[in-house]
Amino acid sequence: MPAAGALSGAADAWAAPSERTRGRHTVELRDGWRFALVNPGGITDPTGGYEGAAQPGYDDSAWRQISVPHDWSIEQTPTTEHGTTSGTGFFPGGLGWYRTAFTLPPALAGKRISVEFDGVYMDAYVYCNGKEVGRHPYGYTGFAFDLTDLLHTDGATDNVIAVKVRNQLPSSRWYSGSGIYRDARLVVTEPVHVQRWGTYVTTPDITGERALVRARTTVVNEGDASVDVQVLSRIVDSEGRSAARTAGTVTVGDRADVTHELTVEKPKLWDFATPDHRYTLETELRVGGELIDTYRTPFGIRQFRFDPDEGFHLNGTHAKIKGVDLHHDQGALGAAISVDAVRRQMTIMKSMGVNAFRTSHNPPSPQMIQVCEELGIVMMVEAFDCWRTGKTTYDYGRFFDEWCEKDTTEMVLAARNSPAVVLWSIGNEVPDSTSTAGLAMADRIIGAIKAADDTRPLVIGSDKYRRVPTKGSAADLMLAKLDGLGLNYNTAKSVDALHAAYPHLFLFESESSSETSTRGAYQEPEHLNTGENHTPGRRATSSYDNNLASWTMSGEYGHKKDRDRKWFAGQFLWSGIDYIGEPTPYDVFPVKASFFGAVDTAGFPKDMYHLFKSQWTGEPMVHLLPMSWNHEAGDTVEVWVYANVDTVELFLNGKSLGTRQFDTKKTADGRSYLETTEATGDDKTFTDGPYPGSYTSPNGSAGKLHLGWKVPYEPGELKAVARRDGRTVATDVLRTAGTPRAIRLTPDRKTLAADGRSLVFVTAEVVDAHGVVVPDAEDLLTFDVAGGSLAGLDNGREESAERYQASTRTAFHGKALAIVRSGTKAGTLKVTARAEGLRTAATTVRTTPAGSKTTTPATAFQPDYPPAPNYPYADASYSGRTDTLPAALLDGDAATGWSNAFYKSATALLPAFNGARREDWVSVTWARPRTVDRVEVSFTVDGTHALPASVAVSVWDGEKYVSVKGGVVDWATASDTPTVITFDAVRGSRLRLLMTSGHPGAADGGLRISRLEVPVG
C-alpha cells in the first residue's frame, strides 16, 4: 500500500461548507513524497522491482521521504562512474520514481483538478491512480495535466500521483540536476475558470500622466453548456490601493478571450532603481452574480527600446546592459529551487552593479523571475541550448521536432507579464542556426513566440558571427528574422564590422570575457595569459584576469569594448557566478565546478567581482589584489587596485608607496570614464595607430582599468586609500595573518521563518588571534545545527570530491559556507562549527512563527572525511601538463616525469605563449619522519627543458620548512642522469626542492625531473 502523502488529512481541510470551496484553490505539493533512485547509471530498472511503481497499490513504504523541490543528483558523491563527465560535475543522473498519496473530499466532486509542475529534469512521465496522464521531456519548462476524471473524491480512497524521471547522461553540457527540482501543486477550479497562463497584460501607451493597460483574459468552460460570464479586471498598486477597474460580460462556449483597457493615472514606473513599483491585475469571474474564480497577475508599467544606433533605453533613459549569464544551479543546493538562494545570488550580483540577467540557456524558474522583478534586473529569457542537432548524446535535440513549439509557448506564457523580461532568445550557440535547415526551425520558434507575445525583440546568442557572413548564406538569412544579435566572444573589430554590415540590428555581447579564475589564486601578473596548474590538489587558475582559453578574453577587454560604443547595447558577463560542471580549462576528476564566475559557487566574490563593481557602480570603492597579504620573504608582489575614483595611494605599514591615478577620458559620444593611458598588448588585431597590439578606443586612447605597484613584501598592513578631489572616499586594508586560532561564523540574516524551508547562509572563516582570515587555511570544519538542519556545505573550490550534502567541509583559502534550513518551531536556530586545534564558534538566528510549515523530516547529513593519502607521495607547486604530474617522480619509469613546461595556444587577441616559469618546487612526503642526507635528481635537458640555475633543499619539521645545512650540488653532465645533492643529516617527514629556471621566460627554460630518489640516511 502507498504511504501517507501530501494531502492525507486534506479531506478535513476541504470538508467545509460549499461556499468555502467555491472558486480557485491551490495546494502546494511540497511534502508527503516518496522517492526511489532506481538506477544512477541508466534509465532501465535492472531488478524489475519498480515495474508497478505507478500503480496505487504499489508498496513504497521503503522509499525515502522527501520534500519537493528535490534534486537527487546533488545528494550523490561526485564519481567517474555511471556515465558522468566533468561537464556535468561528475554527478550521476539515471532513473528515479516519485510518489505521493492523498484523499479528496466529496466537496470537490464536479470541480476541475489539475497537477502543475514548474520543472522536472528530465523526460518526466506522470501517472494518476495508475494511468499515464502525460509526458514532458524538456527539463526547463513547466507543464500541467488535468486529473479530474481520474481522481477519487469520496474522502476515503487514496489518490496516487507517480512521476517517473529519466535523466540519461550526458543530457546537458553543464550540471542539470535530476528530479522534481521546481515546485509542484494541485489546482482546483470550477468548470468555468481563467485558463492556465490565461492573462496577458501589456502597456502600449505610457506618459507621465497616465498609462494604458491592456488586459486580455482567456476564459475556459469545461461544463456542459454555454454560460454568460462577467469578467471584472481591477488593477491594484504595490500598497494595495485600487488604481483602475472595469468589467464586462461574455458568453463562453468552450473558451472566450476578453480584452479590457484600463487607465492608470500617474503611473509608477518599474525601473532599475524603483523595482517596488509593481502592480497586480486581479481578475474575477462571476456567473449569476456568484464569484467562481479569482486570478492574480503581477505586472509592471515600463517602456524600453533597443536601438541599433542608440543602444538600450529604459523609461526613456539610456543605460548599458550590465548583465551576467547564470546557469540554474544554486551551488550546494544543486538545482532544487529555493527563493532564498535565488535572492542571495541575485543580490550579490546587484551589489556588483548588475542590472540584467540572461537565463543561460533555458527558461527560468518562477522564483528567478520574481526576484529579478524585486531587484530591478531586466531579463533576456532564452529557450534552448540546441535545436535538432544536439550537443550531447541525450540532450533536447531528441525532442526538438515534436516539442519545440510547445516548450517555446510555455516559456513565453510563464514570463510575458513580467516587467523584468525585455528580450526573447531563440537559442544559444545553436549548431543548426547557420544551416539552411535551421532557418525553418527558427521560424517555428519565432512563430510560437510571436503568437504568445509580440511586444519584445527576438534575438539569438551566437558564436557564429565572429566575422561578417556571406550575403545570402544561411547565417546571413537568419539575421533577417531577428531584431538583435547577441555575440559570444567577438573582438572589437568584428563588432564594428557587423554593425556596419547589419545597421538594422541592435548588437550586444550575450557572453563576454569567460576569463577563468580561482578565489585567492594568483599567477604571473606580468603575462596576459598563463598556463594551468595540473598538480592534483592545486588545480586552480589565476585571478590577475590572465587565464584565458582559446576563445576567451580578459574582463578588462570585454568591458572596454562595450563601454566605448553607445550603440552597443551592453554585455552579459560569462559568468556572474561559478556553476557546477563545465570546469574549463580542466577535464579531470575531481574538478567539478566552473572557473568562469566573478563569484564562486559559495557566493564569495573573486577579484573579477571587484573589477566589474569598479566599472558598474557609482558608490566609491577600492579593492586590493591579491586579496590577502601573506607572502614569502624576499617576494616582490605585484599589487593591483580596482577603483571607481581617480586617485589611489598605497601604504605598507604606514609608509606611502606612492600615488597612482587614472586619467579621465571621454568616449566618442561624450561619456566619461576612468582608465590609465598606456599600451596594454591585449589585442593583436590592432596593427597600426598609436598603440599597435593594444585595444585602442575609437577616441584614439588605450589603457588599463587597474592601477599597479610592485611591492617588496613585508608582513604587516597594506592599505589602499582612494581619494576624490583630495578627500578620502574609500579604503581597503589587508593584514598579514598568523597561525589559525579560531573559527568565525557570520549569518546573512538575523531572523528566519520557522517553516522548515527558509534558508540562512552562514559564512565560516578560519582566523588568527587578531581575527584576520588565514588565506591558506584548509581545516576540516564540522557543522552542527540545533533548531534547524543543514541544507548544504560549500567552500567555492572548483577541485573537490567532497559531498555538498555532508556535515563536514574543508575551508578553502580560509572560508567555507553552511547553508542552514530553519526548523518548524519558533525560537532560536543555533549553528556551531568545530575544527581540531581551533576555537569553536557558534552563532544564533531568531526564528519566527510561520503559517505554513513543512511536515517532511529533514535528512541528517553525515561527515565526509578526506581519504588518507597513500605514502610516499609527491607534490609540486606547478605541473604544466596533464601527463607531467608529480607522481611520475616516484613511479620508477624513466620515460615519465614531472615538468612545469606549458604551452598556451593563441587566442583571437593574443599570441601563443610558453615562457618558462621563474621558479617551482617539488616535494616528497613519507608516512613517518626519516633521517635524510642526500637527494638524487634526474633532470631532463632538451629543447624545452634545461638544468635549473639553482636548487635548494628544505625539510619539514612538523610546522615549517627548514633549509638544510652543508648542501653540495654535484650537477649531472647528461640529460636524465642523477644530479646528487648532499647535506648534513636531518630528520623530517617531507623534503622539498626549490628550483629556479636558468632561462626564465624563454621557451627552453622549463624544468623536468624524470626521477627523484631520497635514500634513507
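Subtracting the Cα-Cα distance from 0.36 nm times the residue separation, let me have the gained length for residue 437 to residue 828 in nm, one decimal. Using 0.36 nm per residue and subtracting the Cα-Cα distance, I get 134.7 nm. Each residue of the stretch 193-299 gets 93 Å³ once the volume of the Cα convex hull is shared out per residue.
Here, P(r) means the percent of Cα pairs in each 5 Å bin from 0 to the largest distance; for the stretch 726-876 it is 2, 9, 17, 18, 17, 14, 10, 6, 4, 2, 1, 0. The fewest-to-most ranking of 627, 349 by surrounding Cβ atoms within 10 Å reads 627, 349.
Note on residue 749 and residue 224: the extension gain reaches 183.6 nm, defined as 0.36 nm multiplied by sequence separation minus the Cα-Cα distance. Counting every other Cβ atom within 10 Å of each residue's Cβ, 346, 368 order from fewest to most as 346, 368.
Both radii come from the Cα set of the stretch 931-1017: Rg as radius of gyration, Rh as Kirkwood radius; their ratio Rg/Rh reads 0.99. For the chain, the relative contact order works out to 8 percent when only alpha carbon pairs closer than 8 Å and six or more residues apart are counted.
Mean Kyte-Doolittle of at least -1.0 plus a Cα span of 15 Å or more along the axis: flag which DSSP H helices in the chain meet both, please.
The answer, listed by residue number, is 339-351, 400-415, 436-452.
Quick check: the distance between the Cα centres of the stretch 601-661 and the stretch 843-908, to the nearest angstrom? Cα centroid to Cα centroid, the span is 28 Å.
Inverting the pair-averaged 1/r between distinct Cα atoms of the stretch 321-473 gives 16.2 Å as its Kirkwood hydrodynamic radius.
Would you kindly calculate the mean projected area, averaged across all directions, of the convex hull enclosing the Cα atoms of the chain, in square nanometres?
Average of the hull's projected areas for the chain equals 43.4 nm².
Based on the Stokes-Einstein relation at 4 °C and a viscosity of 1.567 mPa s, and on the Kirkwood radius from alpha carbon pairs, the stretch 873-1013 is assigned a translational diffusion coefficient of 84 µm²/s. When only alpha carbons are used to place a centre, the stretch 213-231 and the stretch 670-746 end up 62 Å from one another.
Once you reduce the stretch 100-152 and the stretch 760-801 to the center of their Cα atoms, the two points are 41 Å from each other.
Looking at the stretch 10-189 from every direction and averaging, what is the projected area of its Cα convex hull in nm²? The Cα convex hull of the stretch 10-189, projected and averaged over all directions, gives 9.9 nm².
Evaluating 6.51 cos²θ - 1.76 cosθ + 1.60 at θ = phi - 60° for every residue in the stretch 918-924, the Karplus couplings come out as 5, 7, 8, 10, 10, 8, 10 Hz, glycine and proline recorded as x. Size descriptors for the stretch 42-120: radius of gyration and Dmax over Cα atoms are 16.9, 53 Å. Listed from fewest to most Cβ neighbours within 10 Å, the set 151, 625 follows the order 151, 625. With Cβ to Cβ distances under 14 Å as the rule, what net charge do the other residues near residue 449 carry (K, R +1; D, E -1)? Taking every Cβ under 14 Å from that of residue 449, the sum is -2. For the stretch 629-710, the share of alpha carbon pairs falling in successive 10 Å distance bins from zero is 16, 38, 30, 14, 3 percent. The listed peptides 933-944, 645-656, ordered by packing as a protection proxy, come out as 933-944, 645-656 (highest mean of other Cβ atoms within 10 Å first).
Read-outs: derived from the displayed coordinates by stated rules, not from any lab. A quick note: this is a predicted structure, and the numbers were derived from the prediction, not measured. Here the Cβ is made from the backbone with ideal geometry for all residues, glycine too, and neighbour counts use every protein chain on show.
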